[in-house]
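I have placed the structure first, in the form of C-alpha cells, so that the comments after it can refer back to it.
The values are calculated or read from the model by the stated rules, or taken from the named source; none is laboratory data. All of these numbers come straight from a predicted model, not from anything done at the bench. Quick reminder, even Gly has a Cβ in these numbers, built from the backbone with ideal geometry, and neighbours come from all protein chains shown.
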Amino acid sequence: MNFAGRVAVVTGAASGIGLATVRAFAAAGAQVVAADRVPAVQAAVAGLPDALALEMDAGDEGDVQRLVDAACARFGGIDVFYANAGISGGVAGILDADVALWAEVLRINLIGPALAIKHAAPRIVERGGGAILCTASVAGLRSGAGGTPYSASKAGVINLVQTAAQQLATSGVRVNAICPGLIETGMTQRAFDYARESGKEDKLGQLNPLRRAGRPEEIAQVALFLASDAASYVNGQAIAVDGGLSSSHPVTRQDYGRPAF
C-alpha cells in the first residue's frame with residue numbers, strides 16, 4: 001500500500017489508534033496531518049519528514065474547518081480523512097447518564113465524524129476521489145461492549161458511514177467505519193493497568209476466539225487497507241477488528257436495578 005503523494009488527515013492522533021495510524025501512513029509515504037485536542041499531538045509527528053500537527057476539537061465545526069483548510073494550505077489537498085477521535089464517557093447505564101454526558105459523547109463521537117465528512121468530502125472530490133474512515137466500535141454493533149452513551153454514539157457512526165456512502169455516490173469518495181474490539185489505548189488503559197497489577201492480564205480479551213486484546217497497530221493496518229486502492233470496492237461498511245468478539249458478543253447477564261458493568 002503506497003501512499004506516496006497522498007495526504008492523510010488523522011484525528012485523535014496523539015495516542016493509541018490515531019498515533020499508530022499516523023505512523024503507518026507516514027511509513028507508507030503519505031504526507032500526514034495529525035490532529036488532537038492535547039498538546040502531545042505535536043510529538044506524534046516528531047521525526048516525520050513531511051507532516052503537520054494541529055491542536056483542535058474534533059467536535060467543533062470551526063476547528064474541523066480549520067483543520068481541513070490547514071491541510072489543504074500546507075499540502076494542496078486531502079486524499080484521506082480518518083475521523084478517529086473519540087471519548088468513552090465512562091460506563092454509566094441508561095438510568096444514570098445525564099443529558100450533559102450524552103451531549104458531550106455524541107458531540108465528539110458522532111457529530112465529529114459527521115463534520116469531518118461534511119468538510120473533508122468536497123476537498124477529496126477536488127483531488128479526484130479518496131477515502132473517509134471513521135472509528136466506530138463493536139459496542140455500536142450490539143450491547144455488552146461499552147457504556148450506553150458510547151455504544152449509541154458508535155451505532156450512530158455506523159449508520160453515518162452507510163448514509164454518507166450513499167449520498168456521496170458518484171463522487172469518488174468512499175466512506176467506511178472500523179469497529180475495534182478491546183484495544184490497548186488511552187481510553188482503555190485503566191482496565192489494562194488493573195489487570196496487570198492484579199495478575200489477571202491473561203483475562204484481557206478472553207471473550208474473543210483469539211483470547212487476547214488487540215494492538216493499535218492492528219487497527220492502523222486496517223485503516224491503511226480501507227484508505228488504499230486495494231479497497232476500491234469497499235464502501236459503506238463497518239469492519240469489525242475484534243479477534244472474533246462480535247461473532248457472538250458474549251456478555252455478563254444484567255439485571256434491572258444493578259450496575260451494567
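Exactly one condition in (1) outside any helix (DSSP H, G or I); (2) in contact with a strand residue (DSSP E or B) (Cβ under 7 Å, 6 or more places away or on another chain); (3) not hydrophobic (A, V, I, L, M, F, W, C) is not met by Gly146; state its number.
(2)
If I ask for residues that are buried (at least 22 other Cβ atoms within 10 Å of the Cβ), outside any helix (DSSP H, G or I) and over 17 Å from the mean Cα position of the chain (by Cα), which ones from region 116-142 would you list?
Gly130
Which one of Asp69, Asp50 is modelled with pLDDT under 95 and either β-branched (Val, Ile, Thr) or closer than 21 Å to Ile124 by Cβ (or both)?
Exactly one of Asp69, Asp50 is modelled with pLDDT under 95 and either β-branched (Val, Ile, Thr) or closer than 21 Å to Ile124 by Cβ (or both), namely Asp50.
Could you please let me know if Arg74 is touching a strand residue (DSSP E or B) at 6+ places or on another chain (Cβ under 6 Å), touching a residue at least 24 places away in the same chain (Cβ under 8 Å), surrounded by fewer than 24 Cβ atoms within 10 Å (Cβ to Cβ) and basic (Lys, Arg)?
The answer is yes for Arg74.
Taking only region 42-54 into account, find how many residues are in contact with a Leu (Cβ under 8 Å, 6 or more places away or on another chain) and assigned to a helix (DSSP H, G or I).
Count: 1.
In region 17-47, which residues are at pLDDT 95 or above and on the phi > 0 side of the Ramachandran plot?
Gly29
Could you look through region 88-115, keep only residues that are under 13 Å from Ser151 (Cβ atoms) and not in a helix (DSSP H, G or I), and pick out the one that is nearest to the chain's Cα centre (by Cα)?
Ser88
For region 8-41, how many residues meet the condition of being over 22 Å from Val157 (Cβ atoms), touching a residue at least 12 places away in the same chain (Cβ under 8 Å) and in a helix (DSSP H, G or I)?
Here the count works out to 2.
What are the pairs, 6+ residues apart or on separate chains, where a residue within region 116-129 that is in contact (Cβ under 8 Å) with a residue 24 or more places away in the chain has its Cβ under 8 Å from a residue that is buried (at least 18 other Cβ atoms within 10 Å of the Cβ) and among the acidic types (Asp, Glu)?
Pairs that qualify, where the first residue is in contact (Cβ under 8 Å) with a residue 24 or more places away in the chain and the partner is buried (at least 18 other Cβ atoms within 10 Å of the Cβ) and among the acidic types (Asp, Glu), are Ile124/Asp79; Arg127/Asp79.
Which of the residues spanning region 26-44 are within 15 Å of Thr11 (Cα to Cα), buried (at least 21 other Cβ atoms within 10 Å of the Cβ) and aliphatic (A, V, I, L, M)?
The answer is Ala26, Val32, Val33, Ala34, Ala35, Val41, Ala44.
Would it be correct to say that Val64 is in contact with a His (Cβ under 7 Å, 6 or more places away or on another chain) and either surrounded by 14 or more Cβ atoms within 10 Å (Cβ to Cβ) or on the phi > 0 side of the Ramachandran plot (or both)?
Taking the combined requirement at face value, the residue satisfies it.
Would you check which residues across region 67-87 are among the acidic types (Asp, Glu) and either outside any loop (DSSP other than H, G, I, E, B) or over 21 Å from Ala223 (Cα atoms) (or both) and list them?
Selection gives Asp69 alone.
Pick out the one residue from Asp57, Asp63 that is part of a helix (DSSP H, G or I), without any contact (Cβ under 8 Å) to a residue 60 or more places away in the chain, among the acidic types (Asp, Glu) and over 20 Å from Glu184 (Cβ atoms).
The conditions single out Asp63.
Does Arg253 satisfy the criteria of being at pLDDT below 65 and over 20 Å from Leu133 (Cβ atoms)?
Judged against the criteria, Arg253 is a match.
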